[in-house]
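*Asks:* Here it is: the structure, laid out below.
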Amino acid sequence: MSAHASKEFVPLNIAVLTVSDTRNEQTDTSGQYLVEALTSAGHQLADKRITPDDVYQMRAVASAWIADPKVQVVLVTGGTGFTERDSTPEALTPLFDKTVDGFGELFRHISLGDIGSSTVQSRALAGLANRTLVCCMPGSTGACRTAWEGILLEQLDARHKPCNFIPHVRFTSAPCESRG
């Protein structure tokens with residue numbers, strides 16, 4: 001068995017950030033989808049917030065979660081397009097210790113079948129910061145579904161072979177003995 005796969009599921013503590021100038025808890029279908037998807041998969045919701053598309057407010061929320069030893073993954077929805085207010089990549093990329101280039105590449109590849117050439121306007125991205133995985137995806141519920149079902153569901157599962165993100169996120173104690 002690969003050093004990056006486990007026989008056991010390892011639940012993660014995942015925070016969800018919706019970046020929007022217009023959404024609230026009642027209209028945040030993308031954030032709610034991510035909450036339902038992650039809890040259905042067996043993970044735990046660490047926190048959920050909505051913040052305006054403001055570089056410094058996004059950084060403040062994300063930085064607090066990255067510094068929190070209980071948060072292992074941050075899922076960000078919104079602010080990845082090309083409008084004047086879309087600033088998620090500019091806000092969060094400086095926080096990354098390492099970028100996960102394949103996340104955006106794979107997201108756009110998967111999206112191609114759904115939205116055609118419009119996928120070039122997605123600035124989906126991911127990175128590791130303080131051993132916390134931060135994944136940023138577009139604000140539509142469909143885009144969140146694409147990212148969850150096409151990438152995150154497997155990559156946040158310790159049993160996925162040949163590798164997954166579990167060995168790269170921090171744990172306050174070992175999640176299981178068979179972890180690589």
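*Asks:* All but one of (1) on the phi < 0 side of the Ramachandran plot; (2) exposed (fewer than 14 other Cβ atoms within 10 Å of the Cβ); (3) not polar (S, T, N, Q) hold for Gly42; state the number of the condition that does not hold.
*Replies:* Condition not satisfied by Gly42: (1).
*Asks:* Related question: Any idea which of Arg159, Arg123 is in contact (Cβ under 8 Å) with a residue 40 or more places away in the chain and under 26 Å from Ala64 (Cα atoms)?
*Replies:* Numbers: Arg159 fails: under 26 Å from Ala64 (Cα atoms).
Just one listed residue meets the conditions, Arg123.
*Asks:* Being out of contact with any Cys (no Cβ under 6 Å at 6 or more places or on another chain) and either crowded, with 17+ Cβ neighbours inside 10 Å or free of Cβ contacts under 8 Å to residues at least 12 places away in the same chain (or both) is the filter here, so list the residues in the range 69-80 that pass it.
*Replies:* Of everything in the range 69-80, those that are out of contact with any Cys (no Cβ under 6 Å at 6 or more places or on another chain) and either crowded, with 17+ Cβ neighbours inside 10 Å or free of Cβ contacts under 8 Å to residues at least 12 places away in the same chain (or both) turn out to be Val71, Gln72, Val73, Val74, Gly78, Gly79.
*Asks:* Let me ask something else about it. Given the structure, is Glu105 assigned to a helix (DSSP H, G or I) and in contact (Cβ under 8 Å) with a residue 24 or more places away in the chain?
*Replies:* For Glu105, the condition - assigned to a helix (DSSP H, G or I) and in contact (Cβ under 8 Å) with a residue 24 or more places away in the chain - is not met.
*Asks:* Tally time: how many residues in the range 81-109 are buried (at least 23 other Cβ atoms within 10 Å of the Cβ), of a type outside the set (Val, Ile, Thr) and over 21 Å from Gln155 (Cα atoms)?
*Replies:* Residues in the range 81-109 being buried (at least 23 other Cβ atoms within 10 Å of the Cβ), of a type outside the set (Val, Ile, Thr) and over 21 Å from Gln155 (Cα atoms): 1 in total.
*Asks:* Turning to a different aspect of this structure: Of (1) touching a strand residue (DSSP E or B) at 6+ places or on another chain (Cβ under 6 Å); (2) under 18 Å from Leu38 (Cα atoms); (3) among the charged types (D, E, K, R), Lys98 satisfies all except one. Which?
*Replies:* It is condition (2) that Lys98 fails.
*Asks:* To continue, here is another question. Within the range 123-134, can one find any residue that is touching a Pro at 6+ places or on another chain (Cβ under 7 Å), of a type in the set (Gly, Ala, Ser), on the phi < 0 side of the Ramachandran plot and buried (at least 20 other Cβ atoms within 10 Å of the Cβ)?
*Replies:* At the first step, the residues of the range 123-134 found to be touching a Pro at 6+ places or on another chain (Cβ under 7 Å) are 123-125.
With the extra rule that they be of a type in the set (Gly, Ala, Ser), the set shrinks to 124.
When the remaining residues are screened for being on the phi < 0 side of the Ramachandran plot, the result is 124.
Right, trim to buried (at least 20 other Cβ atoms within 10 Å of the Cβ) and you get 124.
Yes, the range 123-134 contains a residue that is touching a Pro at 6+ places or on another chain (Cβ under 7 Å), of a type in the set (Gly, Ala, Ser), on the phi < 0 side of the Ramachandran plot and buried (at least 20 other Cβ atoms within 10 Å of the Cβ).
*Asks:* Can I ask one more? Of all residues in the range 11-37 being within 13 Å of the chain's Cα centre (by Cα) and over 13 Å from Met137 (Cβ atoms), which is surrounded by the most Cβ atoms within 10 Å (Cβ to Cβ)?
*Replies:* Ile14
*Asks:* Still on this structure, please answer the following. Provide a single number: the residues in the range 19-49 that are over 18 Å from Ala147 (Cβ atoms) and either among the β-branched types (Val, Ile, Thr) or touching a residue at least 40 places away in the same chain (Cβ under 8 Å) (or both).
*Replies:* 3
The numbers here are math on the coordinates, done by the rules we state, and not lab data. None of these values were measured; they are calculated from a predicted model. We place every Cβ from the backbone using ideal geometry, glycine too, and count neighbours over all the protein chains shown.
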